[in-house]
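The values are calculated or read from the model by the stated rules, or taken from the named source; none is laboratory data. Every value quoted in this text rests on a predicted model; they were computed, and no experiment measured them. Cβ: placed from backbone, ideal geometry, glycine included. Neighbour counts: every protein chain shown.
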Amino acid sequence: MLQTVGEWLWWESLWLPANVSWSDLEDKEGRVYAKASQLYGALPCALCLLLLRYLFERYLAMPLANAWGIKDKVRLTAEQNPVLEKFFCSQARNPSQADVRSLCKKTSWPQRRVEVWFRRRRNQDRPGLQKRFCEASWRCFFYLSAFIGGIWALHDKPWLYDLKEIWAEFPKQSMLPSQYWYYLLEMGFYISLLLSLTFDVKRKDFKEQVIHHIATLTLLSFSWISNYIRIGTLVMAVHDSSDVLLEGAKVLNYAKWHQTANAIFVVFTVLFMGTRLVYFPFWLIHCTWVYPLERYAPFFGYYFFNVMLVVLLILHIYWAFLISRMLYKFVFSKLEGDLRSDEEENDSDSPKEQRHKLSHMNGHGARGRANGH
């Protein structure tokens with residue numbers, strides 16, 4: 001059965017154009033081709049990046065946060081109450097009014113005290129400002145390093161300037177060492193993000209982030225095995241270019257360099273819209289939809305690769321909507337938060353005051369920090 005599954009999985013018609021077989025992509029005459037087994041290196045690379053991230057945040061980002069005076073807010077700890085704790089952990093973090101009344105009867109506490117307990121308990125689970133700063137610093141460092149490495153790997157390649165060169169001699173294109181390391185680092189990074197989801201800052205677009213990471217890893221794996229490496233490197237470089245500015249704006253915002261952060265956010269918005277909504281669909285996706293048909297008939301891999309690119313495009317449109325809302329608020333009002341953040345609550349606010357504050361916050365503020373992958 002395993003042999004049958006393996007034969008179906010590596011069926012040449014799924015991965016390669018007609019009249020091309022795996023034997024055509026065996027190393028010979030000084031030409032080296034990408035192999036699926038090389039992707040196994042992405043997992044140890046991810047573990048190394050997690051270790052590097054720990055060291056970076058502990059010995060670079062945290063001292064920098066302290067030097068810039070970035071401190072966590074002092075939070076009041078919720079009182080010990082097994083009944084409320086059990087409800088909080090097993091049923092709901094935000095109880096309804098009916099639940100609050102029921103809990104008041106079980107604990108003999110007044111409603112106000114129960115509501116304050118839940119607000120304090122929710123605040124205890126929210127990440128502090130220093131944690132947010134360290135995460136943004138690490139991502140900014142990686143994206144900047146990856147973008148510089150990508151430009152170095154691509155600057156002298158003809159397909160960077162003429163997209164038709166991407167398909168020259170496809171799929172019999174020899175793999176370059178720079179392409180291998182670029183892929184390995186990018187895949188290792190996105191695997192590390194999936195592995196760290198449980199202890200990273202959780203945003204409101206958490207599900208979209210998971211979809212993005214999985215789609216990216218699927219796209220990179222497939223493009224590597226099918227030798228879509230040239231277009232893959234361009235897609236990675238395009239994404240990294242705006243992510244550097246996004247994370248940099250976050251870092252400066254946490255450090256209270258608001259004017260600089262706002263300026264970078266505006267540049268990021270322009271670059272994001274230009275790369276993700278213009279260049280990506282009208283150049284790169286057009287390149288993968290149209291130019292290959294000049295050389296070979298469509299096959300499963302052709303459709304699959306393009307569908308995955310469209311999935312990324314849909315996510316870009318979603319994030320572009322969030323970014324547009326933030327830009328609107330930046331131009332016409334004051335930015336005071338992050339639309340994707342789980343905002344800290346004030347212990348003194350009543351539920352009515354909480355709703356009023358949340359409505360005011362959504363209407364007047366969101367620092368431009370939507371995640372654009």
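Before moving on, here are some points about what is shown:
- Every test in (1) over 30 Å from residue 124 (Cβ atoms); (2) in a helix (DSSP H, G or I) is passed by residue 172 save one, and that test is (2).
- Within the stretch 94-105, the only residue that satisfies the criterion of being basic (Lys, Arg) and loosely packed, with under 12 Cβ neighbours inside 10 Å is 105.
- Residue within the stretch 59-76 that is closer than 29 Å to residue 191 by Cα, of a type in the set (Gly, Ala, Ser) and either surrounded by 12 or more Cβ atoms within 10 Å (Cβ to Cβ) or not assigned by TED's automatic domain parsing to the domain that holds residue 203 (or both) present: yes
- Odd one out for residue 84 among (1) loosely packed, with under 14 Cβ neighbours inside 10 Å; (2) modelled with pLDDT under 90; (3) assigned to a helix (DSSP H, G or I): (1)
- Residues in the stretch 166-194 that are of a type in the set (Asp, Glu) and either touching a strand residue (DSSP E or B) at 6+ places or on another chain (Cβ under 9 Å) or modelled with pLDDT under 95 (or both): 169 alone.
- Check on residue 336, at pLDDT 55 or above, of a type outside the set (Ser, Thr, Tyr) and not in a helix (DSSP H, G or I): no
- Comparison of 65, 98 shows that the only residue that is touching a Ser or Thr at 6+ places or on another chain (Cβ under 9 Å), small (Gly, Ala, Ser) and not in a loop (DSSP other than H, G, I, E, B) is 65.
Every residue, every condition in (1) hydroxyl-bearing (Ser, Thr, Tyr); (2) touching a residue at least 12 places away in the same chain (Cβ under 8 Å); (3) within 27 Å of residue 20 (Cα to Cα), yes or no:
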| position | (1), (2), (3) |
| --- | --- |
| 160 | no, yes, yes |
| 174 | yes, yes, yes |
| 180 | yes, yes, yes |
| 193 | no, yes, no |
| 211 | no, yes, no |
| 226 | yes, yes, yes |
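- Selection status of residue 142, more than 18 Å from residue 241 (Cβ to Cβ) and either at pLDDT 95 or above or touching a Pro at 6+ places or on another chain (Cβ under 7 Å) (or both): no
- Extreme residue, modelled with the lowest pLDDT, among residues of the stretch 108-138 that are surrounded by fewer than 17 Cβ atoms within 10 Å (Cβ to Cβ), part of a helix (DSSP H, G or I) and not charged (D, E, K, R): 124
- Counted as qualifying within the stretch 210-316 are the helices (runs of 4 or more DSSP H) with 3 or more residues that are of a type outside the set (S, T, N, Q) and closer than 18 Å to residue 150 by Cβ, namely 229-254, 258-274.
- When we screen 121, 139 for residues that are touching a residue at least 60 places away in the same chain (Cβ under 8 Å) and more than 30 Å from residue 173 (Cβ to Cβ), the only hit is 139.
- The set of residues from the stretch 206-240 being out of contact with any Phe, Trp or Tyr (no Cβ under 6 Å at 6 or more places or on another chain) and among the small types (Gly, Ala, Ser) comprises 215, 221, 223, 232, 237.
- Residue match in the stretch 251-273 (condition: surrounded by 19 or more Cβ atoms within 10 Å (Cβ to Cβ) and closer than 25 Å to residue 168 by Cα): no
- Residue satisfying condition, being among the polar types (S, T, N, Q), over 17 Å from residue 223 (Cβ atoms) and in contact with a His (Cβ under 9 Å, 6 or more places away or on another chain), within set 269, 275: 275
- Residue 206, sole failed condition from (1) more than 19 Å from residue 284 (Cα to Cα); (2) surrounded by 19 or more Cβ atoms within 10 Å (Cβ to Cβ): (2)
- Test: residue in the stretch 144-161 that is within 28 Å of the chain's Cα centre (by Cα), surrounded by 12 or more Cβ atoms within 10 Å (Cβ to Cβ) and outside any helix (DSSP H, G or I): yes
- Selected residue [surrounded by 10 or more Cβ atoms within 10 Å (Cβ to Cβ), modelled with pLDDT of 85 or more and of a type in the set (A, V, I, L, M, F, W, C)] from 47, 9: 47
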